[in-house]
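Following: one structure in structure tokens, then a few remarks.
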Amino acid sequence: MFDAVRNNKKVAQIILALIVLPFAFWGVESYVSDAGGRGDAATVGGSKISLQEFQYSLREQQDRLRPMLGNANPALLDTPELRQAVLDTLVNQRLLMVQAVKAKMTVSDAQLKQFIENVPQLQDNGKFSRERYEATVAAQGMSKEMFEARLRQDLVMQQAMAAVTDAAMPGRAPAERWLATQLEEREIAETILRPELYAEQVKLAPGAVKSFYEANRKQFETPEQVRAEFVVLNADKLAGQVVVSDDEVRKAYDAQAAQFKQPESRRASHILITAAKNAPAAESKAAQAKADDMLAQLKKSPGDFEKLAMQFSQDPGSAAKGGDLDWFGRGMMVKPFEDSVFSLKEGQLSGVVRSDFGFHIIKLTGVRAEHVRPFDEVKVELATDLKRQAAARKYAEAAEGFTNTVYEQADSLAPVIEKFKLSAQQSDWIAKNSAAVPPFTNTKLMTALFADDALKNKRNTEAVEVAPNTLVAARVIEHRPAALQPLETVQATIEKILVRQEAGKIAAKQGADMLTRLQKGEGVNVAWGPARRISRANSPQLSPDAVQLIFRASVGDGVKAPVFVGTEMAGGAYALYRIDAVKKYVPTDADMPAARALRQKYAQVVTEHELMSWIAALKTRHEVTINKAVLENKDK
């Protein structure tokens, strides 16, 4: 796995995505020790998932979903269904870790280091960047030790999954049948009978508007609203209050000298003629002969290396760059390749080198001797790290005092502002159960803001953690209760709603009558749209229900085209479809890009199904207990 990382950077990108997903964050200590005791969210084979882990994952998932919801009700971000999905994911991950530990799967320090240094997002101009790495770690609000422990855990989990996913084999016959259904094409024309076409035929009954108003009073209420004053305590702001002296930075440098030691690294280019480790002898012999011929050419014209690499190398990652592999250290390449590189002198050409990937011709293009990064090069980096550490300590010390102060002196935020040198901020009007801007996107803070203690007693809210290392306390400065809008104000709106509803009924009846007559073969004046071909895999501007209806209709085998189908649509419209012809998928279409993509999709679906079936089997081996209370009690 790790030897291939250099030659398959996409793997690294996928793993990097995994490590920043909120669901991937639980500590190793929570697996090997009993950290929970009371109030655990779940237990998996004796390993406890603490309530804190669950709440952290829930909050991170809510933060990810919030931009997708736009102005939707924030309450949608704290439903029992979302909580169940978060907990299910944590349980599945814990099952994978239990299985990995049982199978004695491990990731060594060297493998972890190699993986981190080869992640493209952690590189600058193709070289591992410690600055980028530390910024990534800092963005997660973790120490490097915690980050690397969790990354190691993710890599072990990937090994556990690979045992199943690598063995998944989608059957050819069912894949072909599925492909045939997805790529069958039908030529259709459509017409949509929209409610607005029948609006003039609608005559509302006397009193209909008032009856609708009385039956739907909640719909016409202006929501309860508040304006709030609030203060924020977070580690980032405290970092601005921290001063680190040059002496402290120098002492830290001296104490961590080993950390800044850079081992020897080399830069090389190669030409690769691929041949798998277990390739047939004839194939390997042909690949080696091709590499031998290329080596002979290079010995005659060494300056042609870059040109020949771009033309003939079969390594897609480096061929376009003239074979350049950039800088790397020991332990980052497969052994035969590494041994050759570290035996060459700068500018020297290797012989043909065999590895599991094929046959290489290598040119050493640079050597960096082992060295220690000088103080001037790292002092800014060190000072930033020291400030971050000091701010984290300061935040930990301040958090309890902040929480106590807003609670004990609850009639004002002034004491906490003065004590911690914070700035007061004011919100715009915030509507209850409606969209808001941070920090009031946090459900717990919104609940506290609209509680009786804040509204009637004018007390501070409790200090609420709205993000890692971020506490917020607020107080209401102005309040507007919910109010029913007068009938006169909303009458025109109600009339439009009722007219559309009645017009939709007319459209549906008209459409159903037209469909019946068309299916009987009667002449019907229909304004059909232009004919177009669709498939299950490609049916733009059609709802899934419409696609299912069209492809469920019998055409051919004694049923003559055209065939007519119809259905009611969301919003009161009625759609009619004319099916004129069917084009079956045939095997000669196998080279279509769509067919290739669907084959991959089918294989992915089969692999995911195998993985989830395996995880379900693990649940029968390792007892899983869920604390149902955490799925419903938002304040627990």
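Laboratory data are not the source of any read-out in this text; all were calculated from the coordinates shown. Quick caveat, the model's predicted, so the values are computed rather than measured. Virtual Cβ from ideal backbone geometry, glycine too; neighbours counted across all protein chains shown.
Look at the alpha carbon pairs under 8 Å that are at least 6 residues apart: their mean separation over the length of the chain gives a relative contact order of 25 percent. Straightening the chain between residue 181 and residue 68 buys 37.4 nm, computed as 0.36 nm per residue apart minus the Cα-Cα spacing.
Could you work out the local net charge near residue 193, counting Lys and Arg as +1, Asp and Glu as -1, over the other residues with Cβ closer than 13 Å to its Cβ?
Working: positive: 194, 505, 509; negative: 190, 196, 513, 568.
Its environment carries a net charge of -1.
The distance from the alpha carbon centre of segment 278-292 to that of segment 220-248 is 65 Å, rounded to a whole number. Separation of segment 142-157 from segment 356-375 is 27 Å, based on Cα centroids. With R₀ fixed at 51 Å, the C-beta to C-beta distance from residue 613 to residue 261 puts the FRET efficiency at about 0.60.
Around the amide H of residue 268, modelled in the peptide plane, lie the amide H atoms of 325, 326, 365, all under 5 Å away and 5 or more residues distant in sequence or on another chain. Could you list, in their original order, any pairs among 104/335; 113/285; 113/601; 387/419; 300/345; 290/321 whose Cα atoms are separated by more than 27 Å? Distance filter (> 27 Å) returns 113/285; 113/601. Residues 429, 614, arranged from fewest to most other Cβ atoms within 10 angstrom of their Cβ, appear as 429, 614. What's the FRET efficiency of residue 144 with residue 482 using the Cβ-Cβ distance as r and R₀ = 45 Å, to the nearest 0.05? Efficiency, from the Cβ-Cβ distance: 0.35. Distances between placed amide hydrogens fall under 5 Å for residue 372 paired with 262, all partners being 5 or more residues away or on another chain. With Cα atoms defining each centre, segment 75-129 and segment 516-587 are spaced 46 Å apart in the structure.
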